[in-house]
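Contents: one structure, followed by commentary.
The values are calculated or read from the model by the stated rules, or taken from the named source; none is laboratory data. All values reported here derive from a predicted model rather than from experimental measurement. Because the Cβ atoms are built from the backbone with ideal geometry, glycine has one as well, and the counts that use them run over all protein chains shown.
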Amino acid sequence: MGARIAAKDLTQGQELPSWSYKVVREDLVRYANASGDGNPIHQNEEFAKSVGLPDVIAHGMHTMGRMGEYVTDWAGDPGVVERFKTRFSAMVVVPAEGGNTVTVAGTVAEKLEGDRVRLDLVATTQDGAAVAKGEAIVALA
């Protein structure tokens, strides 16, 4: 399929359109079932609070997966992602009422040889806290 974005149409420092998604507790149950990560801090409010957390928290890998979705949707083809890494800096707290909203944004950090770009990524919650930062190398058209 190939990337739908042409490297020649991008400039270093260019901001990509941001994308927001809602995280509710049902998402955490589905993710736990799919991933096999049944840690109760992701589903049981009483347990999460008993170990010092403010509430149930999203799986870090759920956040990373959604950041990867942002990159592949932007590029138009998951096969063009050559490298993807993420570092977590805070938790995505998911209250029972209303959940939380996470916004992923990206910037063209560097244009590389061979029509490739390095993207800097950041995920923030609705209160403005950065919960993860990432980097992706994407081969474009």
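With respect to the conditions (1) within 21 Å of Tyr31 (Cβ to Cβ); (2) under 16 Å from the mean Cα position of the chain (by Cα); (3) surrounded by 20 or more Cβ atoms within 10 Å (Cβ to Cβ), Ala129 lacks only one, and its number is (3). Report, by residue number, each residue of the stretch 17-53 that is in contact with a strand residue (DSSP E or B) (Cβ under 7 Å, 6 or more places away or on another chain) and closer than 14 Å to Gly99 by Cβ. Result: Ser20, Tyr21, Lys22, Val23, His42. If you check Ala139, Ala123, Ala96 for being surrounded by fewer than 17 Cβ atoms within 10 Å (Cβ to Cβ) and modelled with pLDDT of 95 or more, only one passes: Ala96.
In the stretch 16-34, what residues are exposed (fewer than 14 other Cβ atoms within 10 Å of the Cβ) and not charged (D, E, K, R)? Please lay out each step first, then the result.
Let us first name the residues in the stretch 16-34 that are exposed (fewer than 14 other Cβ atoms within 10 Å of the Cβ), namely 17-18, 20, 22, 26, 29-30, 33-34.
Pro17, Ser18, Ser20, Val29, Asn33, Ala34 - these are the residues of the stretch 16-34 that are exposed (fewer than 14 other Cβ atoms within 10 Å of the Cβ) and not charged (D, E, K, R).
For the stretch 2-30, name all the residues that are closer than 19 Å to Gln126 by Cβ and of a type outside the set (D, E, K, R).
Going through the stretch 2-30, the residues closer than 19 Å to Gln126 by Cβ turn out to be 17-28.
Result: Pro17, Ser18, Trp19, Ser20, Tyr21, Val23, Val24, Leu28.
For the stretch 57-92, give me the residue count where each residue is among the aliphatic types (A, V, I, L, M), free of Cβ contacts under 8 Å to residues at least 40 places away in the same chain and surrounded by 19 or more Cβ atoms within 10 Å (Cβ to Cβ). Residues meeting the conditions: 1. The residues of the stretch 93-124 that are closer than 26 Å to Val29 by Cβ and over 11 Å from the mean Cα position of the chain (by Cα), listed by number, are Val93, Val94, Pro95, Ala96, Glu97, Gly98, Gly99, Asn100, Thr101. Cβ-Cβ contacts under 6 Å between residues 6 or more apart (or on different chains), taken from a first residue in the stretch 29-43 that is farther than 17 Å from Met91 by Cβ to a second residue that is part of a helix (DSSP H, G or I), are listed as Gly38/Ala32.
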